[in-house]
Each structure stands twice: as C-alpha cells, then as structure tokens.
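Only one structure is covered here, and it is reproduced in the block below.
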Amino acid sequence: MTDNQFSITVIGSGSSGNCYYVKYGTNGVLLDAGISYKDTLKKIKSEMLNVDMLCVTHSHGDHAKYVKEYLQRGIKCIMSADTKYELGLKDDYGVLTINSCECIVDRRCLESRIYCFPIKHDVPNLAYYICFTKLNSLKQLEIDKKVLYITDTYDVSFDIEKDTTHLILECNYDEAIMHANEVGKNGYLLKLNERIRRAHLSLDKCMDFLNRNLTDNIEEVWLCHLSSQNSDAELFKSKAEQIVAKKGLSTKIYIA
Ligand SMILES: [Zn+2]
Ligand SMILES: [Zn+2]
C-alpha cells in the first residue's frame, strides 16, 4: 500500500524569499531556495529527509540566495546552466543543470519526474513541471499529480499541459494599485515600478492566463509572489474565484 498523500506547503513567498515544498507520499521536492535551510527545516521538520530535489528557477536572491546551504547538506539542486554560472557555483558542488524540456528521472525513486521550459524575466528563468506517478490497475505508471510552478515573469502567453493538476503561479501586482502608489512619487519608486512591470506578472495577465487554462483537471491554484506594496490578497483571490465560478469548476484558490 503506497501513501500517495499530496500537499503543497508554502515556506516563503514574495520578494523576501521564495520556497515551496511539494510532497507526494514519501517523495518531496523543494521549489526555490530563497529561504534558509534552517528555516525550511523548522517548517517541514523530518519531511526534509524526503526531499529528492530542489528546483531553482533563476539566480535572484529571493529564489537562490541559500542554494549552497542545501547543496552542502547533500540535497540535489537542479537549475539551468545560466543560473549555475550566475550563482558562481563550481562543478564540484554536484549541481544538476537542466536544459529546457529535458527530463530528470529521479534515480532513487522513479515516481517523480521533473522537466522545465524557459520563461521571460530579466535574467534566465525556468518554469517547472513536477510529475508524480502511480501504478494504475494495469500496473502501468500514470501521472497522478502534476504541479506547474511559474514565477517571476511578465509573459504567460503560453498554454499549460492539459493534465496539470496544481498551479503555483505568480500574481505580483495590480496595475491600479501600483499606479495609485505612484501618485506624487518620484525617481526611485517610479524606476523600481518600471522594472517590476518589465519583469513580473500583473493581476490582469495572471487572470487572463487562468481564464485560458483553468479546467476541471486543476485541483488547486496557489497565487504566489504577491508584491508587498502593490497587491491585495483578498482582491486577487476573489478575481480568481470568479473565474472558477464562471467556468463551473471546483478548483480551490489559495494565496501563498
Ligand atoms: Zn522573485
Ligand atoms: Zn526574479
């Protein structure tokens, strides 16, 4: 009897540090290393022993600051060659580099599979699919849960794979809130906001993406990386829930 219990745990989300723990039975995958090993351990405790892989999206500190801590504790980290270079990681750290669309089959347990594709940010960035499989009645492996993690991008014009069951999706800022915050402000803030607009996902684009891609296969959507200044968690959640309702789905919406 295998334990296929699935869950997503938010360890950190936003510009102060991103890290998510995805668990399926005794397989665990960490997404991003923007939270220290110690703080992650505090949150997931003995589950840390089940972590097969840490997937790093890109080199920014809020996603990769603590990569070395995890590597030093023997956790396999996966990232693009660009990110590895930008982080200055040497070969002897044993980092796995991944090209887009390449599949990683975990050596210890064939039940998890990871692949990725490039997404647009202001540095090289990857979105990850994390697949967990189970044996069906014909004793064949079939996908049970498939998580797609998309963060730090201004462009989600692509469509997702139809068998995706869980989304962890950036919803960074609302243009109206950001615009209101800019009234009477000058220089630094305006420059910062221009950078955010060129690098992060707005509420409108996020909702357009959900409108196109939400199907009854998607059990949960976790809206993540909300801006501390330019977001409104309740508004973002209710906008997403309106799409769920309009489509007659039962997808659960969470704010990370
Ligand atoms: Zn970020
Ligand atoms: Zn970033």
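Quick notes on this structure:
- Asn193 within 16 Å of ligand 2 (Cβ to nearest atom), touching a helix residue (DSSP H, G or I) at 6+ places or on another chain (Cβ under 8 Å), more than 18 Å from Leu223 (Cα to Cα) and part of a helix (DSSP H, G or I): yes
- Just so you know, in region 32-48 the residues that are among the hydrophobic types (A, V, I, L, M, F, W, C) and part of a loop (DSSP other than H, G, I, E, B) include one that is nearest to Asp152 (Cα to Cα), and it is Ala33.
- Any chance His200 is on the phi > 0 side of the Ramachandran plot, in contact with a strand residue (DSSP E or B) (Cβ under 8 Å, 6 or more places away or on another chain), within 16 Å of ligand 1 (Cβ to nearest atom) and not assigned by TED's automatic domain parsing to the domain that holds Lys146: no
- Of the residues making up region 240-256, those that are in contact (Cβ under 8 Å) with a residue 24 or more places away in the chain and part of a loop (DSSP other than H, G, I, E, B) number 5.
- The condition of being crowded, with 21+ Cβ neighbours inside 10 Å and modelled with pLDDT under 95 holds for only one of Gly34, Gly28, that being Gly28.
- Among the residues of region 209-230, the ones that are buried (at least 17 other Cβ atoms within 10 Å of the Cβ) and of a type in the set (Lys, Arg) come to 0 in all.
- Taking every residue in region 141-162 that is part of a strand (DSSP E or B) and modelled with pLDDT of 95 or more and pairing it with any residue that is acidic (Asp, Glu) and within 16 Å of ligand 2 (Cβ to nearest atom), at least 6 positions away or on another chain, the pairs with Cβ-Cβ distances below 9 Å are Tyr149/Asp32; Ile150/Glu170.
- Screening Ala233, Ala240 for residues that are away from ligand 1 (no atom under 16 Å from the Cβ) and either assigned by TED's automatic domain parsing to the domain that holds Ser59 or buried (at least 20 other Cβ atoms within 10 Å of the Cβ) (or both) leaves exactly one candidate, Ala240.
The values are calculated or read from the model by the stated rules, or taken from the named source; none is laboratory data. Quick caveat, the model's predicted, so the values are computed rather than measured. Because the Cβ atoms are built from the backbone with ideal geometry, glycine has one as well, and the counts that use them run over all protein chains shown.
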